[in-house]
Amino acid sequence: MLLRMAVCARLCGAGQSRRCRRRQRHSQADQDSDSEMDMDDEEEEERVVGKTKDEPEGSSVSRSSSCHSSRPSGHGGLGSGASASASASAGPPHPQSLLDLPPELLVEIFSSLPGTALPNLALVCKKFRQILNTETIWRRRCTEEFGMRDDLRKMEILGMSSRDLYVKRVNPQVKSGRFMKLLPDYEHMDYRDVYTHLLHPYRHILGLWQPDIGPYGGLLNVVVDGLFIIGWMYLPPHDPRVEDPMRRRPLFRIHMWEKNKATIECMYGHKGPHKGDIQTVKKDEFSTKCNQTDHHRMPGGRQEEFRTWLEEEWGRTLEDIFHEHMQELILMKFIYTSQYDNCLTYRRIYLPPFLPSDLLQPGLFKGTYGSHGLEIIMLSFHDSKAKATKLTGDPNVPAGQLTLEIDLNRPVRLPDLEHQRSMEELSRLVLEVHEEAQRGLQARDAPSEAAEVAPPQGAEGLDSAPPAGAEGVELGAAACSAAPEPQPFVLPLGVMARNEVYPRTCKMCFYGTGLIAGHGFTSPERTPGLFILFDDDRFGFIWLELKSFSLYSRLTDQLSHAQAPSMERFEAMLRNMQSWTS
């Protein structure tokens with residue numbers, strides 16, 4: 001660290017080396033007078049911080065010009081006329097160090113550096129330290145590194161009240177006065193305080209996270225939202241409106257309650273914000289704790305809490321749900337999830353990387369899962385496979401498990417529209433491909449001796465034989481790039497669908513398997529099905545054994561700080577997710 005500071009000091013012309021270079025630029029005759037001028041001008045420079053006006057008299061450029069004009073002429077046998085002409089055409093010299101640059105240019109340079117480098121830069125010299133107090137620098141760091149958009153000075157000028165700010169940033173639909181807890185006055189807040197005490201200390205919790213809520217999981221998005229860091233729990237739309245936007249619920253928030261201190265508040269419950277805490281357990285994992293769980297209770301007791309939760313979670317009352325099994329599942333989820341009282345552990349998750357060869361843009365989708373309601377899945381591509389991993393789950397197939405696996409090497413050509421209505425015809429097509437795939441797996445898993453046996457003349461192996469119902473098999477990306485024109489699509493008779501409003505044309509179909517299991521994730525089994533790609537934002541899956549149809553629609557919210565560093569890290573995350581609930 002000391003070496004870096006010394007090198008930077010030499011480059012910037014700070015300390016003794018700066019005076020030495022300046023002495024070399026002046027003649028011996030006027031050394032004493034110029035040295036006194038330099039010291040006076042240096043003090044003047046250090047008082048100028050981030051000004052945008054023209055450089056005043058006595059600046060580094062003016063001094064350099066006067067210093068050069070005071071040098072005697074006649075060097076190397078040149079006449080006085082030639083010397084005067086050369087001096088007039090030379091103009092102002094190039095800056096010899098960063099300190100010779102105008103302060104506004106230094107502000108622009110420092111603004112482009114990462115915020116973590118600025119404290120060390122302030123140790124170089126007094127002038128740098130004073131320039132680093134300029135708000136423009138820290139405002140740009142807050143904007144570029146963390147996406148903060150609100151202007152502190154603009155808010156002060158417009159007179160935005162704390163009450164309006166709270167409603168805007170936490171829940172725009174809140175009308176009740178019990179939520180109107182006033183926030184501190186941001187009049188004396190500056191961007192450096194926000195960066196130093198809020199954004200930088202909590203940068204490690206920004207992004208996507210999955211809460212450890214048994215089989216149910218979830219999706220938490222921690223973002224910089226104005227002057228807050230807010231943890232939003234993402235909830236699917238009410239069943240079965242799969243194409244509606246996601247719902248959001250704040251679980252915690254962090255903000256500058258005092259000038260040099262960030263405050264953490266729990267937002268769970270119906271009594272407004274209250275004291276909370278956040279602990280970083282280890283890398284890519286953190287925990288939240290509520291210090292006032294009594295704020296989560298309601299006057300009417302558990303019955304009122306359940307009615308309120310049911311209306312928020314499902315958009316209906318218990319009397320509206322006639323299916324007894326569905327009532328049991330809903331009640332079970334309420335009892336299980338409410339016991340945590342917002343004291344949860346979160347593990348980091350990433351969005352899947354995108355390659356040009358992918359069938360469609362990978363990402364997050366919401367889909368229908370029968371009586372379990374809507375759930376969130378993550379679609380990713382791995383060579384010739386497409387995988388859908390649950391981010392939210394249920395007691396049968398918990399979060400973190402691979403709900404769908406699609407073989408892009410095995411496209412299925414649908415019959416005409418009339419034959420699509422027959423469940424028997426669709427089952428025949430898919431099961432033929434399924435049997436072919438199973439034989440390929442058995443051949444791959446056979447002993448090495450059997451693998452060395454040459455196939456009969458003219459045969460290329462069972463795994464490469466074209467499946468029935470397909471016009472041929474092409475390897476993953478090639479099959480995707482040669483997508484045919486959209487064709488009519490209709491669900492077979494007898495297939496259950498939560499949402500009858502599904503697309504009536506599709507682009508491509510592939511063989512795949514879906515994961516089903518008994519209660520408690522008992523006897524898990526992968527069963528054959530048909531993957532239907534409707535467009536870039538919607539796809540479906542027909543579960544043959546269950547005779548049901550799931551429709552998936554893309555989650556279109558902007559999710560920052562969530563990109564996977566590499567495909568290896570993403571695949572390692574998927575393996576870890578499955579181990580959490582296995």
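The values are calculated or read from the model by the stated rules, or taken from the named source; none is laboratory data. Since we're looking at a predicted model, the values are computed, not measured. When we count neighbours, we look across all protein chains shown, and the Cβ atoms used for this are built from the backbone with ideal geometry, even at glycine. When the accessible area is computed, the model is the full protein with side chains, heavy atoms only, and any ligands, DNA or RNA have been set aside. Shrake-Rupley method; radii C 1.70, N 1.55, O 1.52, S 1.80 Å.
Among the residues of segment 219-238, some residue qualifies, meaning at least one is within 18 Å of the chain's Cα centre (by Cα), surrounded by 14 or more Cβ atoms within 10 Å (Cβ to Cβ) and small (Gly, Ala, Ser).
Scanning segment 542-582 for residues that are part of a loop (DSSP other than H, G, I, E, B), of a type outside the set (A, V, I, L, M, F, W, C) and touching a helix residue (DSSP H, G or I) at 6+ places or on another chain (Cβ under 8 Å) yields one hit, Lys547. Every test in (1) surrounded by fewer than 20 Cβ atoms within 10 Å (Cβ to Cβ); (2) within 24 Å of Pro211 (Cβ to Cβ) is passed by Ile349 save one, and that test is (1). Return the residue satisfying two criteria in turn: it lies in segment 541-560 and is touching a strand residue (DSSP E or B) at 6+ places or on another chain (Cβ under 7 Å) and within 15 Å of Met378 (Cα to Cα), and of such residues it is modelled with the lowest pLDDT. The qualifying residue modelled with the lowest pLDDT is Leu559.
I'd like the full set of residues that are open to solvent by 70 Å² or more (accessible area, probe 1.4 Å) and touching a residue at least 12 places away in the same chain (Cβ under 8 Å), limited to segment 418-427. Across segment 418-427, the qualifying residue is only Arg421. Only one entry in Asn291, Asn260 is open to solvent by 10 Å² or more (accessible area, probe 1.4 Å), more than 18 Å from the chain's Cα centre (by Cα), modelled with pLDDT of 90 or more and at negative phi, namely Asn291. In segment 355-377, of all residues being among the charged types (D, E, K, R) and either under 18 Å from the mean Cα position of the chain (by Cα) or open to solvent by 10 Å² or more (accessible area, probe 1.4 Å) (or both), the one that is nearest to Leu310 (Cα to Cα) corresponds to Lys366. Checked against the criteria, Ile278 does not count as among the β-branched types (Val, Ile, Thr) and farther than 24 Å from Phe228 by Cβ.
Just checking, which of Pro398, Pro488, Pro492 is loosely packed, with under 14 Cβ neighbours inside 10 Å, at pLDDT 55 or above and touching a helix residue (DSSP H, G or I) at 6+ places or on another chain (Cβ under 6 Å)?
Selected residue: Pro488, the only one of Pro398, Pro488, Pro492 that is loosely packed, with under 14 Cβ neighbours inside 10 Å, at pLDDT 55 or above and touching a helix residue (DSSP H, G or I) at 6+ places or on another chain (Cβ under 6 Å).
Does any residue of segment 277-300 turn out to be hydroxyl-bearing (Ser, Thr, Tyr), in the same structural domain as Leu206 (by the TED database) and touching a His at 6+ places or on another chain (Cβ under 7 Å)? Reasoning before the result, please.
Applying the first criterion (hydroxyl-bearing (Ser, Thr, Tyr)) to segment 277-300 yields 280, 287-288, 293.
Pick out the ones that are also in the same structural domain as Leu206 (by the TED database) and you get 280, 287-288, 293.
Next cut, touching a His at 6+ places or on another chain (Cβ under 7 Å) only: 280.
Yes, the conditions are met somewhere in segment 277-300.
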